[in-house]
Amino acid sequence: MKFNELVFSGVQPTGNLHLGNYLGAIVKFVALQQRYSCIYCVVDLHALTQPLSVWGGPKQLAHNTREVIAAYLAAGINPKQSILFNQSQVHQHAELAWVFNCVARMGWLGRMTQFKDKAGKDRENASVGLFTYPTLMAADILVYRATHVPVGEDQKQHLELTRDIAQKFNNDFAESIAALGAGDAFFPLPEPLIQGPATRVMSLRDGTKKMSKSDPSDYSRINLTDDADAIAQKIRKAKTDPEPLPSEEKGLETRPEADNLVGIYAALANTPKPAVLAQFGGGQFSTFKSALVDLAVAKLGPIGAEMKRLVADAAYIDSVLAEGAARAALLADQTMKSVKDIVGFIRR
Ligand code: AQP
């Protein structure tokens, strides 16, 4: 079965949108618009899987949802070309997730490292939604029968699970899929797009931990809404080691913090890491950090300012969401009707 090429991805509205989300995901979303039809979602249903103290309650959730859309727009996603919306406005995501909850196996979900990390030691107290997060993510992607999914490295395992769910659905229902005239596979096996620099941006306080919205230390990340002073302070205070920067990439192998900062510079400058080391290798960190501050402020400053302007115009953001949701719902409805026929649900 040949599927039309389509990109889907999403970001959770859990606040503190950071440089990792930007470089690992949003920058790539922008570039992919040149080659593919793209659907970019704010996955507000996913935000609820975490404790209320993390997603912040109803007012904060609405604010954070608008802020993610503002980041998409400020980074250069064109809402007339790509579809931008929030997940809860298209009910087919939740509907397909239920079917996938019944396709996926407990053992598959039990192996997900994100669940283990986020649930921590107190698994009994984690939400059921946190456990089934990956089946909802599979539904987000497959309700559009998307073929390509740009994500950071941390989401690779969930993408593999999405492929397993698609494959099992195709196998379990092979007969009704063929009877529907959909060939030998109803769902594509979506490809992760985890390429280029900064697929895993690390914490500024600990080069072995990923930069994360939920890190209690604000100094661990650069938020997209940070002003120039905050960006400068965070980069100057970023953990480093006493050695000068190496001139070759292999010299970064045992130096996670240095490697991370060089990677951030390379991604922001859109240049390979060896070129950064050719310019700054052998020099002191202070010189390199000053250059990184200038670069980060030049690249992120205008995005943060535009995000703040857009967030202040809630009516405009909500109109983008409504238009995108209507376009997304048309596509999702087609898939869900076929899924119901395939599974044997009687429908109107
Ligand atoms: N540190 C990172 N480096 C590269 N990419 C990253 N992403 C997240 N962190 C990094 C990518 O950003 C997209 C949206 O992520 P999300 O909103 O689904 O949140 P997350 O993956 O759970 O990570 P966060 O933002 O750090 O939140 P918490 O603190 O809750 O874990 C995804 O494509 C992700 O890969």
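Restricting to Cα pairs below 8 Å that are 6+ residues apart, what does the relative contact order work out to for the range 192-321? Please round to a whole percent. Relative contact order, the range 192-321: 27 percent. Summary of packing: across the peptides 187-193, 246-252, the per-residue average of other C-beta atoms within 10 Å ranks them, highest first, as 187-193, 246-252.
Among bridges DSSP assigns within the chain, what percent are antiparallel (round to 5)? Could you put the intermediate results ahead of the total?
Numbers: 2 of 16 bridges.
So the antiparallel bridges in the chain amount to around 10 percent.
If you look at the Cα atoms of the chain, you get an Rg and a Dmax of 21.1, 70 Å.
Here is the link list: Lys59/Lys213; Lys209/Lys308; Lys118/Lys210; Lys156/Lys340; Lys237/Lys308; Lys156/Lys250. Which ones come out longer than 20 Å on Cα distance? Over 20 Å apart, Cα to Cα: Lys209/Lys308; Lys156/Lys340; Lys237/Lys308; Lys156/Lys250. A straight Cα-to-Cα reach below 16 Å connects Lys273 with the aspartates and glutamates Glu248, Glu249, Glu253, Glu257, Asp259, residues fewer than 8 places away in its own chain not being considered.
Just need the relative contact order of the range 52-195 here, percent rounded to a whole number, with Cα pairs under 8 Å and 6+ apart.
Numbers: 115 pairs, mean separation 31.5, N = 144.
It rounds to 22 percent for the range 52-195.
Counting only alpha carbon atoms, the long axis of helix 156-172 and the longest principal axis of the chain meet at about 10°. Springs join every pair of Cα atoms under 10 Å in this Gaussian network model of the chain, and among Arg105, Arg200, Arg255 the largest mean-square fluctuation is at Arg105. Evaluating kT/(6 pi eta Rh) at 20 °C and 1.002 mPa s, with the Kirkwood radius of the range 173-260 over Cα pairs in the Stokes-Einstein relation, gives 129 µm² s⁻¹. For the options Gly107, Gly282, Gly76, a Gaussian network treatment of the chain with springs between C-alpha atoms closer than 10 Å singles out Gly107 as fluctuating the most.
Put simply, when 3-11, 268-276 are sorted by average Cβ atoms within 10 angstrom per residue, most first, you get 3-11, 268-276. The separation of the range 19-85 from the range 97-151, counted between C-alpha centres, amounts to 19 Å. Listed by chain and number, the aspartates and glutamates whose C-alpha is less than 15 Å from the C-alpha of Lys80, apart from same-chain residues fewer than 8 away, are Asp318, Glu323. Considering only alpha-carbon pairs that sit under 8 angstrom and 6 or more positions apart, the relative contact order computed for the chain is 23 percent. Note on Ala31 and Lys168: with the Förster distance fixed at 30 Å, the Cβ-Cβ geometry gives a FRET efficiency of about 0.40.
Protein heavy-atom accessible surface, 1.4 Å probe, per residue over the chain: 46 Å².
The values are calculated or read from the model by the stated rules, or taken from the named source; none is laboratory data. The shown structure was predicted, so the numbers you read here are calculated from the model rather than taken from an experiment. With ideal geometry, Cβ positions are generated from the backbone for all residues, glycine too; neighbour counts draw on all protein chains shown. To get the accessible areas, we keep the full protein, side chains included, count just its heavy atoms, and leave off ligands, DNA and RNA. Shrake-Rupley method; radii C 1.70, N 1.55, O 1.52, S 1.80 Å.
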